[in-house]
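All remarks here apply to the structure that follows.
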Amino acid sequence: MATWITVGLAGAILLLLAVAMAYVLGWANQALAVQVDAKVIAVESALPGANCGACGYVGCREYAQAVPKGESITKCTVGGMGCVADLAKIMGVEVEQTWPYRPVVHCGATSDQRLQKTEYLGEPTCASANLVAGVQGCTYGCLGLSDCVVVCDYDAIHIIDGLAVVDYGKCTGCAACAKACPRNIISMVPFKSERIFAVKCSNQDFGKEVKAVCEVGCIGCKGCAKTCDLFEMAGNLPKINYEAYDPDQVDFGPVLEKCPMNSLVWVGKPSEKDLAAVKDQEVPDEIKADFKTSVDDAEWRG
């Protein structure tokens, strides 16, 4: 009998302790709770949650906390215009005119077109190779060791023939590749159309020095700047004024004809209008390898 009384008392004490602890925890949850702005919660739920940092903040939560305080609602490049529209609705403001920013690689030289190369045996990263002199003659060009590829979470940039090439169909504009490039030859550019015009060179040396290290580098002839007002010379290298860039108002045909090195190119996805403009052009026949040797041409006589 005494044993049952002891067990009963122990159970009652434990029950009272449990009720007391539940009361204390409930009180603490109410008294110590951090009040979160409902708009912050709404903004964070509208963001894609990529935490890529392209907006300039550490992650989506930090950007969500900044938006109700007056930060621009157009900084999420991954979310695009759909995200901007959602944030505008939450904040009760008009949707601002904005353009998606996409990376442009300012180098157009493949491995075979780069001169004065030496074998690099160090750590296979651009960051390491960039510290070694003489890896290739051009100290501005793409090193092609994939630092930009490694940091891309969207499989939107690849190394093709030693050159970083953006897949604009997959790119979200998170800018991770631009941040990873130790030579800073990837810039984020406002894409005011699916395709934009770009300078595919970063070499700022004089033409003679450029031709000594690259077969396709810009020689700074200024022909583009003399032909079109959108081009400005920054030293020996032309820059495009993307603030004034209007794809519907500028004819880049004369500029392309003026460029002797083909350093000016279209990047991005061609629109239906672009495809229609070249539909009548003949596509070169596919060239297949011919492995025939002199033995195959020999006339054998018995």
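Computed from the Cβ-Cβ distance with R0 of 22 Å, the FRET efficiency linking Glu209 to Glu119 stands at 0.45. Between their Cα atoms, which of Lys117/Lys239; Lys200/Lys258; Lys200/Lys222; Lys69/Lys179; Lys179/Lys222 are more than 24 Å away from each other? Correct reply: Lys117/Lys239; Lys69/Lys179; Lys179/Lys222. Here the accessible area is traced with a 1.4 Å probe on the protein chains. For the chain, carbon and sulfur cover 56 percent of it.
Amide H contacts of Ile186 (H built 1.01 Å from N, in plane; Pro and chain starts excluded): His106 sit under 5 Å, all sequence-distant by 5 or more or on other chains.
On the beta carbon distance between Val132 and Ser45, with R0 = 51 Å, the FRET formula returns roughly 0.60.
Counting only protein chain heavy atoms and rolling a 1.4 Å probe, the accessible areas of Lys258, Lys200, Lys89 rank, largest first, as Lys89, Lys258, Lys200. Here the stretch 57-191 is treated as a sphere whose radius is the Kirkwood value from Cα pairs; by Stokes-Einstein at 25 °C and 0.890 mPa s it diffuses with a coefficient of 147 µm²/s.
Quick one: pull the percentage of alpha-carbon pairs in the chain with a separation above 28 Å.
Looking at the chain, the distances longer than 28 Å represent 58 percent of pairs.
The spacing between the stretch 137-205 and the stretch 1-73, judged by their C-alpha centroids, is 42 Å. Projecting label points 7 angstrom from Cα along Cα→Cβ for Lys69 and Asp153 puts them 2.3 nm apart. Please identify which residues in the stretch 42-62 have an amide N closer than 15 Å to a label point set 7 Å out from the Cα of Lys89, following the Cα→Cβ vector. Hits in the stretch 42-62 for Lys89 at 15 Å: 42-48. Relative to the globular-protein estimate of 2.2 N^0.38 Å, the Cα radius of gyration of the stretch 228-269 stands at 1.17. In the stretch 1-112, the ratio of gyration radius to Kirkwood radius, Rg to Rh, stands at 1.44 when only Cα atoms are counted.
Once all protein chains are placed together, Thr98 keeps about 30 Å² accessible to a 1.4 angstrom probe.
Relative contact order for the stretch 166-228: what percent, with Cα pairs under 8 Å and sequence separation of 6 or more?
Contact order relative to length: 18 percent.
Accessible surface area normalised per residue over the chain is 63 Å², counting heavy atoms of protein chains with a 1.4 Å rolling probe.
Mean sequence separation of contacting Cα pairs (under 8 Å, at least six apart), scaled by the length of the chain, corresponds to a relative contact order of 14 percent.
The values are calculated or read from the model by the stated rules, or taken from the named source; none is laboratory data. Please read all numbers here as calculations on a predicted model, not as lab measurements. Glycine gets a Cβ as well: all are built from the backbone with ideal geometry, and neighbour counts include every protein chain shown. Protein only, heavy atoms only, side chains kept; ligands, DNA and RNA dropped before computing areas. Shrake-Rupley method; radii C 1.70, N 1.55, O 1.52, S 1.80 Å.
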